[in-house]
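Q: First the structure, which I've put down as structure tokens, then a few questions once you've had a look.
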Amino acid sequence: MEKFLEETYDYLPTLGIAVAIFLIGIILAKITVKIMGKALNKSKIDITAHSFLKSLVKVTLYTIVVVIALTKLGVPTTSLVTIIGAAGLAVGLALQSSMSNLAGGFIILFSKPFTVGDYVQIGSSEGSVEAITILYTRLLTADNKAVYIPNGQVSNSSITNYTQEKTRRLDLVFSISYKDDYTKAKKILADIVDKNELALKDPEPLIRVTEQASNSINIAVRIWVKSENYWSLNFDMLESVKTKFDEEGISIPYSQLDVQIKK
């Protein structure tokens, strides 16, 4: 018992140094990641890669700190490498989905289907891209909900990027009654589009009858607009057309059914 206590007492300084190395190493790793973040913000590296690179460096530095601390405790380096290799294999088999997410992160980073700030739809989720980390992509929805999607799922999903291009086409359909003059309605629509500053004149807007439906004449309005003004123009058109149609006596029909009763 005395021998055990003596050996434990002799081992305490080494244990203390190992703990100190671990704590100081973690602190230094956090400081390094923080400095790296500031450097990345000032660099020309795509902002999309910032979160991913910081996550990768953080994991690497933490691993190095743990290895150094264990080495100080007397764990042989060769044994340590073997243990890490075996543990890595076991973890890799157990966490295949996480490895898939890591690989997906690299795919997203290099293929760049979207960048931070883009408004995208990934599968059934859509929102603004807030961050791309080592394992997941974070979206912020229009109603301010955070959605975390594993990178493996992102890389295998259909992705729609609504803001990657500078311009988009706004497609609207307005229905009028058969008793109304469709040429007059087309002129009203053209005037509304022409007066709206958000509507681009090149390419030229398209206003044509698209369908003779069962209850209405449908007029398609296709306008090109800057991506950031898409929804503003959409709401402007809906409100302006309703107001102008009412002023000009153009009726917007609703579904109805005529029933004839025979004796």
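The values are calculated or read from the model by the stated rules, or taken from the named source; none is laboratory data. Source: prediction; values computed, not measured. Glycine gets a Cβ as well: all are built from the backbone with ideal geometry, and neighbour counts include every protein chain shown. Each accessible area value is taken on the protein alone, full model and side chains, heavy atoms only, with ligands, DNA and RNA left out. Shrake-Rupley method; radii C 1.70, N 1.55, O 1.52, S 1.80 Å.
Q: Please tell me if residue 38 is modelled with pLDDT of 85 or more and open to solvent by 60 Å² or more (accessible area, probe 1.4 Å).
A: No; evaluated as a whole, the condition is false for this residue.
Q: Among the residues of the range 165-178, is there at least one that is touching an Asp or Glu at 6+ places or on another chain (Cβ under 8 Å) and open to solvent by less than 80 Å² (accessible area, probe 1.4 Å)?
A: Scanning the range 165-178, I find no residue that is touching an Asp or Glu at 6+ places or on another chain (Cβ under 8 Å) and open to solvent by less than 80 Å² (accessible area, probe 1.4 Å), so the answer is no.
Q: Right, next: Considering only residues that are of a type outside the set (Ser, Thr, Tyr), touching a residue at least 60 places away in the same chain (Cβ under 8 Å), assigned to a loop (DSSP other than H, G, I, E, B) and in contact with a helix residue (DSSP H, G or I) (Cβ under 8 Å, 6 or more places away or on another chain), which ones fall in the range 113-155?
A: The answer is 114, 116, 134, 135.
Q: A follow-up question, please. Can you go through 163, 210, 243, 183 and tell me which one is outside any loop (DSSP other than H, G, I, E, B), in contact (Cβ under 8 Å) with a residue 24 or more places away in the chain and polar (S, T, N, Q)? Spell out the reasoning first.
A: Values: 163 fails: outside any loop (DSSP other than H, G, I, E, B); 243 fails: in contact (Cβ under 8 Å) with a residue 24 or more places away in the chain; 183 fails: in contact (Cβ under 8 Å) with a residue 24 or more places away in the chain.
Within the list 163, 210, 243, 183, the selection yields 210.
Q: Read through the list (1) assigned to a helix (DSSP H, G or I); (2) of a type outside the set (S, T, N, Q); (3) open to solvent by 60 Å² or more (accessible area, probe 1.4 Å); (4) touching a helix residue (DSSP H, G or I) at 6+ places or on another chain (Cβ under 8 Å), then give the number of the only condition that residue 252 fails.
A: It is condition (1) that residue 252 fails.
Q: Looking only at the range 224-231, decide whether some residue is closer than 27 Å to residue 161 by Cβ, under 31 Å from the mean Cα position of the chain (by Cα), surrounded by fewer than 16 Cβ atoms within 10 Å (Cβ to Cβ) and acidic (Asp, Glu).
A: The answer is yes, given that some residue of the range 224-231 is closer than 27 Å to residue 161 by Cβ, under 31 Å from the mean Cα position of the chain (by Cα), surrounded by fewer than 16 Cβ atoms within 10 Å (Cβ to Cβ) and acidic (Asp, Glu).
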